[in-house]
Amino acid sequence: MLRVDDVHVSYGKVAALRGLSLRVEEGGFSAIIGSNGAGKSSALRAISGLVPIRGGEIHFGDQRLDGLSADRIVRLGVAHVPEGRRVFKDLSVRENLELGAYTRRDRAGINTDLEWVYQHLPRLKERGGQQAGTMSGGEQQMLAIGRALMARPRLLLLDEPSLGLAPLIVQGIARLLREIQGRGISILLVEQNAELALELVRYGYVLETGSLRMQGTAVELMGNEHVRKAYLGI
Amino acid sequence: MELVLQSIANALVQSGFFSLWAVGLVLIFGVMGIINFAHGEMVMVGAYTVWLLYAGQGLPFPLALLAAALIVCLLGLCMERFLFQPFRENPLGGLINSIGLLFILQVLAVQIGGLGLMKHVPPAFPGTLELPFEVRIPVQRAVALVVSLGLLAAVGWLLTWTRLGWALRAVSMDREAAALQGISVRRIGMFAMGLGAALAGTAGALMAPLVRVEPYMGHAVIITAFIVAIVGGIGSIRGAVLAAVLYAFFHTFVTTYYSGTLATMLGLFIMLLVLVIKPTGLMGSRLRE
């Protein structure tokens, strides 16, 4: 479904990605793990069109993504929950969710999805009229994910959803991600928290200084000596 | 007592103009991240359009007003397309381009209407409203106030209740996050520019029969708009309107009882104080990098 082939990204003269290739299957759940600055966010930003790529190709289904503007890519069915949540702080929770559905015109469908989000994230319903910026970090993360779902995407890109959140809230997010995958939405997750990521996904990629160090099923990676030492702290 | 009441009436009319100038400036800055130095000249072009079409060609005033709004809106769209968009990555470039355009528009105005000659625009709505306590408001001013208020209410409605308005606010809060919702930042930028310019053009058209129409009338506009936008909290529309009302009263009273020069000087001083003490202004919650 998503094919990333030999993608290069650089900021000025600094290379952030040097030839990344990866796949996400239809309905699949994959993760990119790696430490801070390994290029994980750049990978997602390249896919969703926030940064131009310097080489390689990105395909989504039979559509070529690289070169398209970010708003076009959303319309094709790729939603990106950026690092740091980036909710619209001065807008209400409800307005944030409505903006997630900005590309859609099917009012009935939007309401159905809004109901789904409210049902699975009841805190958002309680706080519908509240300014998003006044909520806790965990609630803002929930809102950012809910907002992305409102676009009714086929592929969801998640950048560090667990960052800075308490373990209990992280568990809630993990449950939510499983539910989302259960709806048939493919997920590409980027996480520093390798333990969490490998618990959730089927397939993982290990990124180090902009290059792919290794890849494999979650079980394979969890058994790998390097991964255990460098990322799982075992 | 009569003077106080009269000054209040004058200040109300002034509030409408100040708000229109500042809201346009803030809208453009919020969405595009560009300080439009030519904003005063947009107001001037609006006034000149009315002078040419209404005073010169005898077109009905409402039509001339509409034409002014459209022409300045078009000017704004052209600015966005040819002066700002090519400098997307470089906000300083956009700002410098707007300064260049400011001079070009001033020179054009001199070429068209000459310098120093009074460009008389007769009031389209003659007569005076006689209010209690001997307060008098020329009908032309009352009309200007009503139209300004109507426009501000429409902008407020747009920003609060429509998806387009939410998208506009989203872009001004976080361009990237807005793009990730499928919002075309470019189109929203165009829209903000067109709307901000149309507001400036309308303000100029409404002012034309009330002030001296001359090539450099934009100076006072941009200075006032800066003071109001900064005191209100740059990026905040509501803050801009609040500051516009406060500053209009301040300016009118100081002008009435002392002098206009002193009023503007004090206004700039207040702006500096706000920048030092509370850089986010009255309502602004954040500063742009």
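The values are calculated or read from the model by the stated rules, or taken from the named source; none is laboratory data. The shown structure was predicted, so the numbers you read here are calculated from the model rather than taken from an experiment. Here Cβ is always computed from backbone atoms with ideal geometry, including for glycine, and neighbour counts include all displayed protein chains. Areas reflect the complete protein model, heavy atoms only, side chains present, ligands, DNA and RNA absent. Shrake-Rupley method; radii C 1.70, N 1.55, O 1.52, S 1.80 Å.
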For A:A43, are the conditions met, namely being surrounded by 15 or more Cβ atoms within 10 Å (Cβ to Cβ) and either more than 14 Å from every other protein chain (Cβ to nearest Cβ) or over 16 Å from A:L157 (Cβ atoms) (or both)? yes
Consider B:A144 carefully, then state whether it is within 10 Å of chain A (Cβ to nearest Cβ), assigned to a helix (DSSP H, G or I) and open to solvent by less than 10 Å² (accessible area, probe 1.4 Å). no
List every residue pair whose Cβ atoms sit under 7 Å apart, with the two residues 6 or more apart in sequence or on different chains, where the first one lies in region B:205-223 and is in contact (Cβ under 8 Å) with a residue 60 or more places away in the chain and the second, anywhere, is open to solvent by 60 Å² or more (accessible area, probe 1.4 Å) and not hydrophobic (A, V, I, L, M, F, W, C). B:P209/B:P123; B:L210/B:R141
Out of region B:101-123, which residues are within 14 Å of B:N36 (Cα to Cα) and free of Cβ contacts under 8 Å to residues at least 12 places away in the same chain? B:F103
Search region B:165-181 for residues being open to solvent by less than 30 Å² (accessible area, probe 1.4 Å) and more than 7 Å from chain A (Cβ to nearest Cβ), and hand back the single one that is nearest to A:T103 (Cα to Cα). B:A178
Filter the helices (runs of 4 or more DSSP H) completely within region B:9-125 down to those with at least 2 residues that are more than 18 Å from the chain's Cα centre (by Cα). B:61-78, B:91-113
Considering only residues that are open to solvent by less than 10 Å² (accessible area, probe 1.4 Å) and within 11 Å of A:V74 (Cβ to Cβ), look in region B:182-192 and name the one that is farthest from the other protein chains (Cβ to nearest Cβ). B:I183
Would you be able to say whether some residue in region A:138-146 is in contact (Cβ under 8 Å) with a residue 60 or more places away in the chain, of a type in the set (A, V, I, L, M, F, W, C) and touching a Ser or Thr at 6+ places or on another chain (Cβ under 8 Å)? no
Within region B:214-229, tally of residues that are among the aliphatic types (A, V, I, L, M) and crowded, with 24+ Cβ neighbours inside 10 Å: 5
Taking region A:129-156 and keeping residues away from chain B (no Cβ under 14 Å) and over 22 Å from the mean Cα position of the chain (by Cα) leaves A:Q130
Right, A:R123: away from chain B (no Cβ under 14 Å), open to solvent by 60 Å² or more (accessible area, probe 1.4 Å), of a type in the set (K, R) and under 25 Å from B:S172 (Cα atoms) or not? no
Can you tell me which residue within region B:196-213, out of those that are among the hydrophobic types (A, V, I, L, M, F, W, C) and touching a Cys at 6+ places or on another chain (Cβ under 8 Å), is surrounded by the most Cβ atoms within 10 Å (Cβ to Cβ)? B:A197
Does region B:259-278 contain at least one residue that is hydroxyl-bearing (S, T, Y) and either part of a helix (DSSP H, G or I) or open to solvent by 80 Å² or more (accessible area, probe 1.4 Å) (or both)? yes
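The rows are residues; the columns are (1) modelled with pLDDT of 95 or more; (2) not aromatic (F, W, Y).
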{"site": "B:W21", "(1), (2)": "no, no"}
{"site": "B:V31", "(1), (2)": "no, yes"}
{"site": "B:N36", "(1), (2)": "no, yes"}
{"site": "B:V45", "(1), (2)": "yes, yes"}
{"site": "B:G56", "(1), (2)": "no, yes"}
{"site": "B:L66", "(1), (2)": "yes, yes"}
{"site": "B:I71", "(1), (2)": "yes, yes"}
{"site": "B:L75", "(1), (2)": "yes, yes"}
Condition met for A:S186 (hydroxyl-bearing (S, T, Y) and at pLDDT 95 or above): yes
Condition (residue is open to solvent by 40 Å² or more (accessible area, probe 1.4 Å) and of a type outside the set (V, I, T)) applied to region B:27-47: is it met by at least one residue? yes
What number of residues within region A:64-104 satisfy the criterion of being basic (K, R), facing chain B (nearest Cβ under 8 Å) and either crowded, with 22+ Cβ neighbours inside 10 Å or more than 18 Å from the chain's Cα centre (by Cα) (or both)? 1
Take A:I58 and decide whether it is of a type in the set (V, I, T) and either within 14 Å of chain B (Cβ to nearest Cβ) or open to solvent by 10 Å² or more (accessible area, probe 1.4 Å) (or both). no
Among the residues of region A:108-118, is there at least one that is open to solvent by 10 Å² or more (accessible area, probe 1.4 Å), polar (S, T, N, Q), on the phi < 0 side of the Ramachandran plot and away from every other protein chain (no Cβ under 14 Å)? yes
When (1) surrounded by fewer than 18 Cβ atoms within 10 Å (Cβ to Cβ); (2) within 14 Å of another protein chain (Cβ to nearest Cβ); (3) farther than 26 Å from A:G84 by Cα are applied to B:V139, the one that fails is (2)
If a residue has to be in contact with a His (Cβ under 8 Å, 6 or more places away or on another chain) and part of a loop (DSSP other than H, G, I, E, B) to count, how many in region B:212-235 make the cut? 0
